[in-house]
Each structure stands twice: as C-alpha cells, then as structure tokens.
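The values are calculated or read from the model by the stated rules, or taken from the named source; none is laboratory data. Here the structure is a predicted model, which means the values were calculated and not measured. Positions of Cβ are generated from backbone atoms using ideal geometry, with glycine treated the same way; all protein chains shown enter the neighbour counts.
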C-alpha cells in the first residue's frame with residue numbers, strides 16, 4: 001500500500017481519517033503578506049522623504065523675507081513766538097507802534113506861548129514856555145494866535161487817522177491859525193526827530209488850545 005493510500009485509508013475503528021491541519025500555514029502566509037505590505041509602504045515613505053530633501057537642496061526657497069517693523073521718525077515741532085510789541089490800528093490802513101499818547105478824557109491844554117515836545121515819552125510831554133528860536137518846541141501855541149510846528153508842519157486828516165495815513169500825508173502847511181482850530185479838526189504832523197504824530201483839536205476855549213495827541217515810533 002502506498003503512502004497516499006495510507007493517508008486516506010479508513011481507520012480501524014471505521015471512522016474517516018482526519019485531514020491535515022492547514023491553519024498554521026495560512027496564518028504564516030497572512031503574516032508574511034502583511035509584513036511585505038508594511039515594508040513596501042515604509043519604503044515608499046522613505047523614498048518620498050529623500051526626494052523632497054533632494055528637491056529642497058536643488059531649489060532653495062525664494063520666499064521674500066518677512067517685513068521688519070520700522071519705528072516712525074519723531075515728529076519735529078517748530079516753536080512759535082509771540083510778538084509782544086504794543087501796536088495800534090486806527091483806520092485799518094496801517095499799524096504803528098505808539099510811543100506816547102494822551103489818555104482818553106485828558107487832552108493837552110496850552111496857553112499862549114507854551115509848547116510840547118512830541119519826542120517826549122513823559123505824561124506832560126515836557127511842556128515848556130519859551131519863545132527863543134534856538135529852543136523851538138515841536139508844537140507851540142504862538143503869541144500871534146497861531147500853532148507852529150518844528151517838522152513838516154500840519155496836514156489835514158481824519159480824527160481816526162492811523163500811522164499809515166500820516167506817513168502818506170503830503171498836504172502840509174507850516175502853521176495853523178486859531179480860526180482853523182475853533183471848530184476842531186485833525187492834523188498829521190512830525191516831530192523834530194522825524195516821528196509822525198496825530199493832533200486832534202478841541203474847539204478853542206478862551207485863550208487856550210486843547211488837543212488829543214498820539215505819537216508813533218519811527219520805522220526803519
């Protein structure tokens with residue numbers, strides 16, 4: 001009897017002979033297949049990493065650098081200055097720096113033979129009586145019932161005239177008569193030192209002349 005016949009012969013007890021157990025072989029094949037698949041996946045992963053590294057080495061990144069923050073320059077300020085020069089505007093045509101003026105309600109009152117110094121910065125304008133031609137006042141009430149000036153004389157103007165008005169005046173007369181002053185009136189005049197002045201006369205009372213006075217400083 002051959003081996004094959006021996007494997008499939010009926011057992012002595014009359015039962016069919018058992019087939020060989022193949023489960024260990026199947027399990028071995030399954031494990032082997034899983035191992036091969038895992039190895040193949042791992043190999044592909046490693047190959048992909050090497051490829052990526054090779055590409056990065058061959059083509060370095062050209063991304064622009066990140067912008068850097070810059071600190072804004074400190075703002076600069078130009079200091080402002082305040083002009084503290086005392087100035088007066090009368091007609092709006094010009095501005096001048098007042099050197100001396102009569103306070104409101106306190107005009108200059110002159111008797112015959114007295115005069116004032118228009119260049120004075122004193123409250124009484126250095127009023128003095130002197131008829132000597134060597135000592136001639138800028139504005140004097142003369143004994144001949146006239147008002148004299150030591151500068152250009154007197155040019156008619158408005159009572160609210162300003163520095164620019166007097167600086168531009170041209171119609172000067174050397175003297176004023178009392179008749180011209182009786183009803184009041186305003187005149188530009190000049191001092192011995194070349195300062196412009198505004199004289200606003202009040203109506204004459206008796207033997208006196210009364211007037212408001214404003215004198216401006218000289219300009220360059």
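Below is a table of values for the structure above.
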read-out	value
Looking only at the range 202-220, and only at residues there that are more than 45 Å from the chain's Cα centre (by Cα) and part of a strand (DSSP E or B), the one that is surrounded by the most Cβ atoms within 10 Å (Cβ to Cβ)	209
Residue in the range 96-113 that is in the same structural domain as residue 185 (by TED's automatic domain parsing), at pLDDT below 85 and surrounded by 13 or more Cβ atoms within 10 Å (Cβ to Cβ) present	yes
Residue 148 vs. criteria under 25 Å from residue 219 (Cα atoms), in a loop (DSSP other than H, G, I, E, B) and in the same structural domain as residue 197 (by TED's automatic domain parsing)	no
Filter result for residue 186 (in the same structural domain as residue 106 (by TED's automatic domain parsing) and farther than 15 Å from residue 118 by Cβ)	yes
Some residue of the range 148-156 being exposed (fewer than 15 other Cβ atoms within 10 Å of the Cβ), more than 23 Å from residue 96 (Cβ to Cβ) and over 47 Å from the mean Cα position of the chain (by Cα)	no
Pairs with Cβ under 7 Å, 6+ apart, first in the range 142-161 and at positive phi, second modelled with pLDDT of 90 or more and surrounded by 17 or more Cβ atoms within 10 Å (Cβ to Cβ)	153/189
